[in-house]
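A short worksheet on the structure shown next.
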Amino acid sequence: MKTWVIPDVHGCVKTLRYLVETMIMPARGDSLIFLGDMIDRGPDSKGVLDYIMALPKKGLKVTALCGNHEEAMIKAFDDVLEGSFMQKLGIQPKSVKEWKAFGGNTTIESFGVQEVADIPISYISWLRERPLYFEHDKFLIVHAGFNFRKNDIFSDTHSMKWIRDFDIDPEKLGGKRVIHGHVPVTLDFIFMIYKSKSYHFIDLDNGVYMPGRPGYGNLLALELNSMELLVQPNLDMEAELDLRKF
């Protein structure tokens, strides 16, 4: 059985579907691990969630981690419901403004609704149930990373979703390597580190939502047994890029 890790999809469902169905082509019993940030920025976050939520029906083992974008969406949803009287006055909670500022607007649009509170509760409930990390024989898999200043690196749940810079203490990894997303890095950098034993981490996020930026704009998949790395260029935002040329 194969185990594939797929980093931040960010609402790019066409790219994800092509990567899974044409490149990975998983067999029943294979595992797919998503690193979080499934939503925001790209054009169809609802489509991404629908697609991932349906994968277990195909006989696949699916683990979808919680990223900072999922946490921001949940907080915005909760704050709106808790402050419904403020909504009537046209006052949005700070969390809603912050979420919209880094991509939440596209997620709301993908659901065909006006505000985050109109998103069906079934999606919010599913996102609440997402784990923060996954432990593999050779890897610790997480959205953002770990706080190695803590004696127990699993105790800092905020860092697992939000940390950007961290110095790894190999003794706290138990011989494993960290696989994470969250911070986009260039394809050349990913190629350099993913097979190297000199690095205690693998950052798989290539910024799929940035197809116009040199070195970025791809969705990756890493198979943990063979260390095969697949690279799929963005298919969702090509039309938008073409329009900007004219």
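Part of a helix (DSSP H, G or I), of a type in the set (Asp, Glu) and either more than 29 Å from Met1 (Cβ to Cβ) or without any contact (Cβ under 8 Å) to a residue 40 or more places away in the chain (or both): does that describe Glu70? Please lay out each step first, then the result.
Values: part of a helix (DSSP H, G or I): yes; of a type in the set (Asp, Glu): yes; either more than 29 Å from Met1 (Cβ to Cβ) or without any contact (Cβ under 8 Å) to a residue 40 or more places away in the chain (or both): no.
No; evaluated as a whole, the condition is false for this residue.
Quick check: is even one residue across segment 76-92 surrounded by 12 or more Cβ atoms within 10 Å (Cβ to Cβ), without any contact (Cβ under 8 Å) to a residue 60 or more places away in the chain, closer than 30 Å to Leu173 by Cβ and touching a helix residue (DSSP H, G or I) at 6+ places or on another chain (Cβ under 8 Å)? Before the answer, list the steps.
Let us first name the residues in segment 76-92 that are surrounded by 12 or more Cβ atoms within 10 Å (Cβ to Cβ), namely 76-81, 83, 86-87, 92.
Those still in the list that are without any contact (Cβ under 8 Å) to a residue 60 or more places away in the chain too: 76-81, 83, 86-87, 92.
Then drop every residue that is not closer than 30 Å to Leu173 by Cβ, which leaves none.
Among the residues of segment 76-92, not one is surrounded by 12 or more Cβ atoms within 10 Å (Cβ to Cβ), without any contact (Cβ under 8 Å) to a residue 60 or more places away in the chain, closer than 30 Å to Leu173 by Cβ and touching a helix residue (DSSP H, G or I) at 6+ places or on another chain (Cβ under 8 Å), which makes the answer no.
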Tally up the residues in segment 114-137 that are part of a loop (DSSP other than H, G, I, E, B), loosely packed, with under 13 Cβ neighbours inside 10 Å and among the charged types (D, E, K, R), please. 2
Does segment 12-20 include one or more residues that are surrounded by fewer than 22 Cβ atoms within 10 Å (Cβ to Cβ) and of a type in the set (Phe, Trp, Tyr)? yes
Hey, Arg149 hits all of (1) modelled with pLDDT of 95 or more; (2) surrounded by 15 or more Cβ atoms within 10 Å (Cβ to Cβ) but one; which does it fall short on? (2)
Name the pairs: first residue in segment 1-27 and assigned to a loop (DSSP other than H, G, I, E, B), second residue modelled with pLDDT of 95 or more and among the small types (Gly, Ala, Ser), Cβ to Cβ under 6 Å, at least 6 apart or on different chains? Met1/Gly29; Pro7/Gly181; Asp8/Gly181; His10/Gly42; Gly11/Gly42; Gly11/Ser45; Cys12/Gly42
Residues that are surrounded by 13 or more Cβ atoms within 10 Å (Cβ to Cβ) and in a loop (DSSP other than H, G, I, E, B), drawn from segment 170-179: Leu173, Lys176
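Rundown of residues vs (1) at pLDDT below 95; (2) under 18 Å from the mean Cα position of the chain (by Cα); (3) assigned to a helix (DSSP H, G or I), yes/no style:
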residue	(1), (2), (3)
Ile33	no, yes, no
Gly47	no, yes, yes
Val62	no, yes, no
Lys75	no, yes, yes
Leu81	yes, no, yes
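Which one is nearest to Leu219 (Cα to Cα), of the residues in segment 10-31 that are hydrophobic (A, V, I, L, M, F, W, C) and under 14 Å from the mean Cα position of the chain (by Cα)? Steps first, please.
Filtering segment 10-31 for residues hydrophobic (A, V, I, L, M, F, W, C) gives 12-13, 16, 19-20, 23-25, 27.
Of the ones still in play, those that are also under 14 Å from the mean Cα position of the chain (by Cα) are 12-13, 16.
On the way: Cys12: 9, Val13: 11, Leu16: 7 Å.
Among residues in segment 10-31 that are hydrophobic (A, V, I, L, M, F, W, C) and under 14 Å from the mean Cα position of the chain (by Cα), the one nearest to Leu219 (Cα to Cα) is Leu16.
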Can you tell me which residue in segment 152-168 is surrounded by the most Cβ atoms within 10 Å (Cβ to Cβ), limited to those that are farther than 19 Å from Ala76 by Cα and touching a residue at least 24 places away in the same chain (Cβ under 8 Å)? Met160
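The values are calculated or read from the model by the stated rules, or taken from the named source; none is laboratory data. Everything numeric in this text was worked out from a predicted model, so none of it was measured. No Cβ is skipped: glycine too gets one built from the backbone with ideal geometry, and neighbour counts run over all protein chains shown.
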